[in-house]
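One structure is given here, and the rest of the page talks about it.
The values are calculated or read from the model by the stated rules, or taken from the named source; none is laboratory data. These numbers were taken from a predicted model, which means no experiment stands behind them. Neighbour counts run over all protein chains shown; Cβ positions are idealised from the backbone, glycine included. Each accessible area value is taken on the protein alone, full model and side chains, heavy atoms only, with ligands, DNA and RNA left out. Shrake-Rupley method; radii C 1.70, N 1.55, O 1.52, S 1.80 Å.
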Amino acid sequence: MARTITVTGMSCGGCEDTVESALEDVDGVVEASADNESDAVTVEGDANVDALVEAIENAGYDVSA
């Protein structure tokens, strides 16, 4: 299942890599693809959304509804 999450604070490819790496460490995530230009990350898998939000926030970025 794919889920798109709005992430604010990403400004470059390094930011995208940081968010993707943080999400790929979450149980149930198959793949994560971040795009700083659209302020979004698409997550493939069946991970718990709260765990995804926590991973993004722990990486230093904000999640908006």
Quiz item: Who wins for biggest fluctuation among Ala51, Ala22, Ala34 in a Gaussian network model of the chain, springs between alpha carbons below 10 Å?
Solution: Ala51
Exercise. Quick one: which residues, 5+ away or cross-chain, put their amide H under 5 Å from the amide H of Val63? H built at 1.01 Å from N.
Key: Thr8
Quiz item: Angle, helix 13-24 long axis vs. longest principal axis of the chain, Cα atoms, 0 to 90°, nearest 10?
Solution: 20 degrees
Quiz item: Which three extents, in whole angstrom, do the alpha-carbon atoms of the chain cover along their principal axes, largest first?
Solution: 27, 20, 17
Exercise. Report relative contact order for segment 1-55 in percent, whole number only (criteria: Cα-Cα under 8 Å, sequence separation at least 6).
Key: 42 percent
Exercise. Note down the accessible area of Asp25, probe 1.4 Å, to the nearest 10 Å².
Key: 130 Å²
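Give, rounded to the nearest 20 debye, the magnitude of the charge dipole that the chain has about its Cα centre when Lys and Arg contribute +1 at Cβ and Asp and Glu contribute -1 at Cβ.
Rounded to the nearest 20 debye, it is 140 debye.
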Quiz item: Any idea what angle helix 49-58 forms with the longest principal axis of the chain, computed on alpha-carbon atoms, 0 to 90 degrees, nearest 10?
Solution: 40 degrees
